[in-house]
Amino acid sequence: MSGNARDHLAAPPYDPQLTDALSWFKATFEPIPLLPGNIQENRDIVAAITPTLAAAMERHDGVVSSERVAVGPRGEIELTVVEPVVRTEAARPAALVIHGGGLVLGDRFFAAGEAIGLTERYGAVAVLVEYRRAPEFPGTAPVEDCHAALTWIAEHAAELHLDPERLVVTGFSAGGGLSAGVALMARDLGGPRLAGQLLGCPMLDDRDATVSTRQYDGIGVWDRTNNRTAWSAVLGEEPRGEVSPYAAPARATDLSGLPPAFVDVGGAEVFRDEAIDYASRIWAAGGSAELHVWDGGFHGFAGFAPEAWASRASAVATDSWWRRVLRLDGAGPALVPAEEGAVALGGDAAVGTGAGAGADVGAAAAPPVAGPSAPGGEAARGGDAAPSGIA
Amino acid sequence: MSTTEQRFVPVPFDPEVAPIVEAMGAAPAMSLESILASRGETGSPFGDPAELVKGLPITLEDRVIPGPAGAPDLEITILTPSDLTPGEALPALYNIHGGGMVVGHRSWETGRLLDLMSRHRVVCVNVEYRLAPEDPYPAGAEDVYAGFVWTHANAASLGIDPEKIVVMGGSAGGGFTAAVALMARDRRGPVMAGQLLLCPMIDNTGTTVSAQQYRGLGTWTREANDLAWTCVLGEELAFSTDALEYAAPSRATDLSGLPAAFIEVGAAETFRDEDVEYASRIWAVGGRAELHVWDGGCHGFDMYAPEARISRAALDARDSWLRRVWA
């Protein structure tokens with residue numbers, strides 16, 4: 001697996017509805033490949049386009065934020081607590097929201113969009129964590145900060161009016177890998193009990209040995225080169241000796257006893273195969289996991305092209321899982337209305353297998369939604385619809 | 001993890017699915033005798049097609065079409081929007097029913113098709129085929145392939161756009177769907193717009209972890225599966241890697257050049273791992289596939305637990321993929 005060995009494996013093609021957004025992502029977030037010598041330059045690029053918290057919260061009047069500080073093994077950790085303005089009588093679900101950026105880039109506000117969404121959709125208290133990044137803080141430093149944040153949330157359950165039985169860890173890309181690591185740590189160290197772990201296009205495996213990493217070498221976003229650079233910043237150059245599973249969860253040999261996992265990944269990205277393997281190993285150990293792999297999806301596609309059909313369907317599946325793990329009733333987002341000329345089954349659930357009739361997501365109850373427009377519009381360019389983070 | 005029992009702890013069922021699986025567990029297990037005894041039975045446990053479409057703007061037509069060369073004719077049911085206009089050419093779903101290749105009838109899956117007809121303006125062709133053990137491999141596979149070729153050839157008269165035929169099926173029907181895709185590729189037959197595989201039965205070897213996890217458990221147990229493969233392939237080839245790929249598509253060594261695949265399966269069933277592997281092997285050769293594994297879903301969860309949240313979400317995912325392959 002030498003760094004320059006390019007196998008040129010045939011790669012699954014991108015969904016045509018996603019290619020504009022892919023180009024935009026590439027030009028905006030990854031104008032230069034991530035290399036050991038330009039991590040700071042890449043940090044500056046990401047920082048320049050990450051909306052401030054104030055900007056992210058504009059037009060979200062039902063949501064407030066506050067700044068808090070947890071203490072971890074390496075000192076203070078900044079937290080931002082995002083919660084509904086109106087405090088319900090019932091204790092609220094909570095989420096630790098961990099940002100992406102390949103463990104080397106980005107800050108907690110990169111994931112502000114996801115935190116705001118969880119608060120608005122589920123009435124959740126969402127906590128953003130400013131974990132220490134590699135290479136300055138390598139190895140398990142990032143995941144230990146995240147675990148300290150989780151502990152902080154559990155310790156402040158009463159003050160934050162949280163339901164400790166409905167605490168979930170979530171993140172995309174590096175945030176997904178860190179979420180998996182936090183779940184492993186919480187299991188092994190007797191940490192807070194988690195109701196679920198959402199692993200969005202998760203960065204789990206430092207070994208760079210899958211088919212999908214060879215397929216997306218120099219292709220797409222968060223390609224093999226970026227990924228190798230990031231892991232080297234975290235764990236040093238290859239060959240590596242023993243690697244902590246908390247730092248690279250794919251290294252874990254025991255995936256039993258974990259909270260229900262939601263694993264969602266693009267079919268056309270480096271992380272495809274490691275995500276599938278992680279879900280498969282949870283099942284093999286008798287654990288609960290849900291896996292969605294989207295045809296032609298690039299890394300983080302759902303956040304960058306939210307209007308594309310695949311992205312909408314990913315949002316629907318994700319929402320379905322949140323409502324199941326948080327034990328919430330009620331309707332999720334509509335996919336799209338039935339096509340013109342489709343047969344109206346009527347409101348009675350007695351027809352069909354029943355799966356379509358009477359469903360919350362049925363067209364009748366849905367607000368009118370236009371068909372997918374060209375991706376890369378305002379919604380795809382940050383702001384309140386900003387993706388929860390990339391690698 | 002020291003004992004065999006611990007190694008094969010099953011993934012638990014979804015809380016909305018578990019009571020249904022439990023209730024079904026009371027039914028007697030499938031046997032060769034029960035398979036043969038079912039031949040005389042009529043009626044669908046999932047509702048009579050004529051009753052299901054009653055009052056809906058759908059025309060239901062039973063027809064008989066030619067089978068494979070030298071073989072009996074095939075029965076099909078065609079579901080068409082009643083307001084189809086002359087010259088209109090709609091996307092189509094060519095459905096192959098499930099039942100382990102040993103039981104079942106196309107009428108059982110009318111509801112599954114109606115759910116999709118409620119979201120898409122489509123024509124559905126629902127095909128019957130010969131069952132094992134009376135008619136072992138290749139009878140069923142050749143029947144459903146012949147039906148697909150006929151549907152494609154007669155698209156114009158059926159109101160179908162021949163370039164927008166998606167072949168679909170659940171369980172054995174999913175396995176047959178994968179086989180039809182392989183056969184169409186290899187025989188340079190008609191090109192399908194996509195293959196929609198619902199909990200497909202594709203691997204005869206029973207060697208995966210999930211095939212071990214659902215012994216005596218679930219809506220399609222390991223034991224039922226072993227019996228079905230024995231009926232289809234005979235004792236000698238039942239679990240052999242020498243089985244042919246049109247019988248057990250997991251045996252195919254080349255998965256390149258196939259139509260876009262949609263693969264859906266429950267996490268709590270026998271077929272989980274073989275279905276995940278099939279998707280992975282399609283991607284590995286640069287092909288198009290989409291994979292959805294629903295947490296806690298038993299085999300055929302959408303039909304047994306249609307109101308469960310995972311069933312409704314699964315339908316949304318299918319709907320989305322169909323829009324994309326028909327775009």
* Two decimals is fine: what is log10 I(q)/I(0) at q = 0.20, 0.21 Å⁻¹ for segment A:191-250, from a Debye sum with one equal scatterer on every Cα and no solvent? => -0.84, -0.90
* Rounding to the nearest 20 debye, state how big the charge dipole of the protein assembly as shown is about its Cα centre with +1 on each Lys and Arg Cβ and -1 on each Asp and Glu Cβ. => 680
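Between B:Ser31 and A:Asp254, what is the FRET efficiency for a Förster distance of 41 Å, r being their Cβ-Cβ separation, to the nearest 0.05? Kindly include the intermediate steps, with their values, before the conclusion.
Numbers: r = 39 Å, r/R0 = 0.95.
For R0 = 41 Å, the calculated efficiency reads 0.55.
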* Asked: At what distance in angstrom do the alpha carbon centres of segment B:140-180 and segment B:211-261 lie from each other?
  -> 21
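Kindly provide the Kirkwood hydrodynamic radius of segment A:127-261 in Å, to one decimal, from all pairs of distinct alpha carbon atoms.
Value: 15.5 Å, from the Cα pair sum.
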* Just how many % of Cα pairs in segment B:17-154 lie over 24 Å apart, if you round to the nearest whole percent? -> 38
* Working out 0.36 nm times the residue gap between A:Ala209 and A:Val85, then minus their Cα-Cα distance, what length gain in nm do you get to one decimal? -> 40.0 nm
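Dividing the convex hull volume of the Cα atoms of the protein assembly as shown by its residue count, what figure in Å³ per residue is obtained? Please report the intermediate quantities before stating the final value.
On the way: hull volume 110.2 nm³, N = 718.
Once divided by residue count, the hull of the protein assembly as shown is 153 Å³.
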* Asked: How high is the FRET efficiency between A:Glu242 and B:Asp254 when r is their beta carbon distance and R₀ equals 41 Å, given to the nearest 0.05?
  -> 0.55
* Asked: If you take the beta carbon distance between A:Val69 and B:Glu223 as r and set R0 to 60 Å, what does 1/(1 + (r/R0)^6) give as a FRET efficiency, to the nearest 0.05?
  -> 0.55
* At q = 0.06, 0.07 Å⁻¹, base-10 log of I(q)/I(0) for chain A (Debye sum, equal scatterers on each alpha carbon) -> -0.21, -0.29
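State the percent of C-alpha pairs, over all pairs in chain B, separated by a distance greater than 27 angstrom. Numbers along the way, then the final one.
Details: 20980 of 53301 pairs.
That fraction is 39 percent.
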* Between B:Met24 and B:Glu88, what length comes free when the chain is fully extended (0.36 nm per residue of separation minus the Cα-Cα distance, one decimal in nm)? -> 18.7 nm
* If each of A:Asp277 and B:Ser240 carries a label point 7 Å out from its Cα toward its Cβ, how far apart are those two points in nm? -> 3.4
* What is the local net charge at A:Gly181, summed over the other residues whose Cβ is closer than 13 Å to its Cβ (Lys, Arg +1; Asp, Glu -1)? -> -3
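A short reminder: the numbers here are calculations on the coordinates, not readings from a lab. Small disclaimer: the values here were computed from a predicted structure and weren't measured. In this analysis, Cβ positions are derived from the backbone assuming ideal geometry, glycine residues included, and neighbour counts consider all displayed protein chains.
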